[in-house]
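Scroll down for the structure; my scribbles are underneath it.
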Amino acid sequence: MTPPSDEQDATTGGTSRRRFLKIGAGVAVGAGVVGAGWAGLSQNAQKKAAVMTAGGPGDPSSPTLATKVKNLSGPAETGPFASPWTDLGIPVRCPDGTMLFVCGDTFNGDHVPNPGEPADDWRAPVGLRSSNGDVNNLHIDGSVGGGHARALVDEPHNPVGDKATTAIPSDAFVVDGVMYMHLMRGVIYDTHHTDFWRSTDNGETWEYLCQWPGDLHGGQFQQKTYAVADDGYCYVLSTVFNREVDSGMLLHRVRKDSLGNPDAYEPWGFVDGDWRWGAPAPTTVFGVRKWGEICFRAMDGKYVLTWLNMNPLSIRSMVFPLPTADLTKTLEQTMIVPSAPGAETANLVASPYGGFVVPGSTFGNFHIIVSQWYNSTNYRVMQYKVNMLS
């Protein structure tokens, strides 16, 4: 793992985290499948299905106020756990009431390894813990592994040419007292497969459940995020995991008692002139664009989606009543926008990405986890509070 290249503009660094890595051939093929599938629909079907041009990346979105609460990681905050440099920090409230932050590529030392440097003590994913699970009082004071955060599952970072494999988390959540974690495996942005794990001891140990091939649904089932509903189902939104590749956003549902069964994931698709569950193949529910991280949650009787938008760069959100709501007609609200380093204030963040919803948030007290990386000593996880979310 290496930081962004020197050519990367600091004001837009978050648009292509690890930009120097090549786009994987398998993912590029998947993007072609997206376009072919849409073109194959009749004109009438195109109008009824996911109105692709509505809610596009160039459409205006309403301003939403956000303020930084604190840094959650860094040499002072997480250095005591041999994890001064880490990102993502997907927050999940454990059954014991603590908050676990499931982080991505994590390093020790006095800086993030630069290109060509050996990446000693590289771990992914790791679990950093706040013993206080209150959204208003988060403070990382422990880790899975104690004084030296260990990888949650085995990932040897095998060399692949001049790169190496890693395990990037896309989601972590709890269903009926059991924790689940979804990982994307392979060279970054060239996902070979994804796998799924569970923990019954508050994230201390993890049991393998299943995996999916990286090219499933044209690659659009790589990056998954789960909304845990109260109707017996989890609803799953997914995209390609590559910020430089156009991808649709797919919707599936799976019964809570079948999360570890790949055959139990039921696609939502447009077929025979209408949308329905159990379609032969899923249809994109939110047009096609370039996606960064995504987070889908059931909250206060509604659903909220947050994501890293690539064009224009911003962390956005939308709120809707049902998992099957028409997202192309739902307001996109901008929460975080990019700035140059040193010019950060309010919701201006240098090289932002992530944007994961903190458990315990409400629409009146909404918190997200934002990552930042623009050089070898500025790579961290932060907490932001968002106001005026509609």
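The values are calculated or read from the model by the stated rules, or taken from the named source; none is laboratory data. These numbers come from a predicted model, not from an experiment. Every residue, glycine among them, receives a Cβ derived from its backbone with ideal geometry; neighbour counts consider all protein chains shown. We work out accessible area using only protein heavy atoms, side chains counted, and drop any ligands, DNA or RNA first. Shrake-Rupley method; radii C 1.70, N 1.55, O 1.52, S 1.80 Å.
Rundown of residues vs (1) open to solvent by 10 Å² or more (accessible area, probe 1.4 Å); (2) at pLDDT below 50, yes/no style:
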position: Ala39; (1), (2): yes, yes
position: Ala45; (1), (2): yes, yes
position: Val51; (1), (2): yes, yes
position: Gly55; (1), (2): yes, yes
position: Ser62; (1), (2): yes, no
position: Leu65; (1), (2): yes, no
position: Asn71; (1), (2): yes, no
position: Ala76; (1), (2): yes, no
position: Pro91; (1), (2): no, no
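Does Thr225 qualify as being buried (at least 22 other Cβ atoms within 10 Å of the Cβ), over 17 Å from Ile188 (Cβ atoms) and not small (Gly, Ala, Ser)? The answer is yes for Thr225. Checked against (1) modelled with pLDDT under 95; (2) crowded, with 23+ Cβ neighbours inside 10 Å; (3) of a type outside the set (Lys, Arg), Ser238 meets all criteria but (1). When region 290-334 is limited to residues that are surrounded by fewer than 16 Cβ atoms within 10 Å (Cβ to Cβ) and acidic (Asp, Glu), the one that is nearest to Ala227 (Cα to Cα) turns out to be Asp300.
Quick grid of which residues meet (1) buried (at least 22 other Cβ atoms within 10 Å of the Cβ); (2) under 23 Å from Cys295 (Cα atoms); (3) at pLDDT below 95:
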| residue | (1), (2), (3) |
| --- | --- |
| Asp110 | no, no, no |
| Asp120 | no, no, yes |
| Ser130 | no, yes, no |
| Gly133 | no, yes, no |
| Asn136 | no, yes, no |
| Ile140 | yes, yes, no |
| Ala149 | yes, no, no |
| Val153 | no, yes, no |
| His157 | no, no, no |
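Taking first residues from region 94-117 that are free of Cβ contacts under 8 Å to residues at least 60 places away in the same chain and at positive phi and partners that are buried (at least 22 other Cβ atoms within 10 Å of the Cβ) and hydrophobic (A, V, I, L, M, F, W, C), the Cβ contacts under 9 Å between residues at least 6 apart in sequence or on separate chains come to Gly109/Trp85.
The set of residues in region 357-381 being in contact (Cβ under 8 Å) with a residue 60 or more places away in the chain, surrounded by fewer than 21 Cβ atoms within 10 Å (Cβ to Cβ) and not β-branched (Val, Ile, Thr) consists of Pro359, Gly360, Ser361, Phe363, Asn365, Asn375, Ser376. Candidates Gly342, Gly292, Gly355, Gly287: the one that is at pLDDT 95 or above and at positive phi is Gly355.
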